[in-house]
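Novice: Input: one structure, supplied below.
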Amino acid sequence: MIIENLPSLVVDAGIATIRLSRPAQRNSLRDADLHWLLHTFATLDADPSIRVVVLNADTQGQKRPVFCAGYDVGGFDSSRHDPRLFEKVPDALEAMRPITLCALNGSVYGGATDIVLACDLRVALAGSEFRMPANALGLHYYPSGLRRYVSRLGISGAKRAFLTAKALPVEQLQAYGLFEQVVAADSFETVVESLAQQVASLAPLSVQATKRSIDEIGRGEFNEDRLRERETLTLRSADFAEGRAAFAAKRAPRFTGN
């Protein structure tokens, strides 16, 4: 069976861009999309040349931009439905080696909000909204998604999202520090591209190790010995030598990830 409008992937100079590609259905996610995303995340994670992964959506033809309407609820009625499939996607996204950037170029609903939260960095389109309707549907959300909500928004923010099921403006969520920027449409793509390029220019060995350490600390898994090992690895790395040489010569560094 051919599945139309699966997400697309473009790779350019160490930056991989994944685009949700079903705007007529508000980019809702079906099982085929979830399997595609899991496979693509694994492929990109295994490619050391990939430094940044950008996630955005095709919103052409929509009256109001929608990044993703969440999981296609029709999938719950399928006899082949795997209730754990969806949560594997944000879990895998959060665990990726490259730095992940969500270009939230429209409103986001349901489980797709957790995909946004699973990214390391986020830029939001001004005027968009963020809604978690799980309790309006009678659903207790899965554990890792609740953890991400509390981690990113705090207990008060997570309760506001889940216990009211109200649409929250991205401008309100910015008060929790969720987004790098909330940006008007005319400058959105420029801001996203600039941030992706900035992250891609950093030393990949140290930035990826630092990401792992911050995530572990955020999960309450602080291990000083493991963090010291990563510190020592970067101190001895060719990238650190190159960074010092470039700083002394007042030139841009040429990092290799070694």
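Novice: Helix-only mean residue ellipticity at 222 nm, the chain, DSSP H runs n ≥ 4 weighted -39,500 (n - 2.57), per residue, nearest 500. What is it?
Specialist: Numbers: 10 runs with 117 residues, N = 258.
Result for the chain, helices only: -14000 deg cm²/dmol.
Novice: Starting at the first residue of the range 110-126, write each ³J(HN,Hα) from the Karplus equation 6.51 cos²θ - 1.76 cosθ + 1.60 with θ = phi - 60°, in whole Hz, x for Gly and Pro.
Specialist: Per-residue couplings from phi come out as x, x, 5, 4, 6, 5, 4, 5, 6, 6, 6, 10, 9, 10, 10, 7, 4 Hz.
Novice: Can you give me the C-alpha center-to-center distance between the range 194-230 and the range 146-182, rounded to a whole angstrom?
Specialist: The two parts, judged by their Cα centres, are 24 Å apart.
Novice: In degrees between 0 and 90, to the nearest 10, how far off the longest principal axis of the chain does helix 224-235 point, with axes built from Cα atoms?
Specialist: Compared with the principal axis, the helix lies near 60 degrees.
Novice: A further question follows. Any idea what angle helix 204-218 forms with the longest principal axis of the chain, computed on alpha-carbon atoms, 0 to 90 degrees, nearest 10?
Specialist: Value to nearest ten degrees: 50.
Novice: What is the antiparallel percent of DSSP beta bridges lying wholly in the chain, to the nearest 5?
Specialist: Details: 7 of 29 bridges.
Just about 25 percent of them are antiparallel.
Novice: Give me the distance in nm between label points sitting 7 Å out from Cα along the Cα-to-Cβ direction at SER156 and ARG84, one decimal.
Specialist: If labels sit at SER156 and ARG84, their model points lie 3.7 nm apart.
Novice: Further question on the same structure: Under a 1.4 angstrom probe, counting protein chains only, how are LYS159, LYS211 ranked by accessible area, largest first?
Specialist: Highest to lowest solvent-accessible surface, that is LYS159, LYS211.
Novice: Quick one: if you stick a label point 7 Å off each Cα along the C-beta vector at ALA126 and ARG228, how many nm between them?
Specialist: Spacing of the two 7 Å Cα→Cβ label points: 4.9 nm.
Novice: Using the Cα centre of the range 126-258 as origin and beta-carbon charges of +1 (Lys, Arg) and -1 (Asp, Glu), tell me which of TYR176, ALA126, SER213 is placed farthest towards the positive end of the dipole.
Specialist: Toward the positive end, the furthest listed residue is SER213.
Novice: Let me ask something else. Mind running the shape call on the range 36-176? Use the C-alpha gyration tensor, a ≥ b ≥ c as the square roots of the eigenvalues: rounded below 1.5 for a/c, prolate if a/b tops b/c, oblate otherwise.
Specialist: Values: a/c = 1.37, a/b = 1.16, b/c = 1.19.
It is rounded, given that a/c, with a ≥ b ≥ c, falls under 1.5.
Novice: Using +1 on the beta carbon of Lys and Arg, -1 on that of Asp and Glu, and nothing else charged, what's the dipole of the chain about the Cα centre, debye to 20?
Specialist: Numbers: 30 positive and 30 negative charges, 82 e Å.
Magnitude of the dipole: close to 400 debye.
Novice: Where the centre of each part is set by its Cα atoms, how far does the range 97-113 sit from the range 1-62, in angstrom?
Specialist: 11 Å
Novice: Ordering LEU146, LEU173 from largest to smallest accessible area (1.4 angstrom probe), what's the sequence? Walk me through the intermediate numbers first.
Specialist: Values: LEU146 55, LEU173 0 Å².
These residues rank, largest area first, as LEU146, LEU173.
Novice: Using a 1.4 angstrom probe on the protein heavy atoms only, line up ILE214, ILE50 by accessible area, largest first.
Specialist: On the way: ILE214 105, ILE50 0 Å².
Highest to lowest solvent-accessible surface, that is ILE214, ILE50.
Novice: Check the chain for me: any Cys whose beta-carbon has no other cysteine beta-carbon within less than 4.7 Å?
Specialist: Cys with no partner Cβ under 4.7 Å: CYS68.
Novice: In bins 10 Å wide, starting from 0, what share of all Cα pairs of the chain does each bin hold, as a percent?
Specialist: Pairs per bin, as whole percents: 7, 29, 35, 20, 8, 1, 0.
Novice: Can you list residues from other chains, or at least 5 along the same chain, whose modelled amide H is less than 5 Å from the amide H of TYR71?
Specialist: It is LEU29, GLY111, ALA112, by chain and number.
The values are calculated or read from the model by the stated rules, or taken from the named source; none is laboratory data. Keep in mind that what you see is a predicted model, and the values were worked out from it rather than measured. Counting neighbours? That spans all protein chains shown, and the Cβs are built from the backbone with ideal geometry, glycine included. SASA here: full protein model, heavy atoms, side chains in, ligands and nucleic acids out. Shrake-Rupley method; radii C 1.70, N 1.55, O 1.52, S 1.80 Å.
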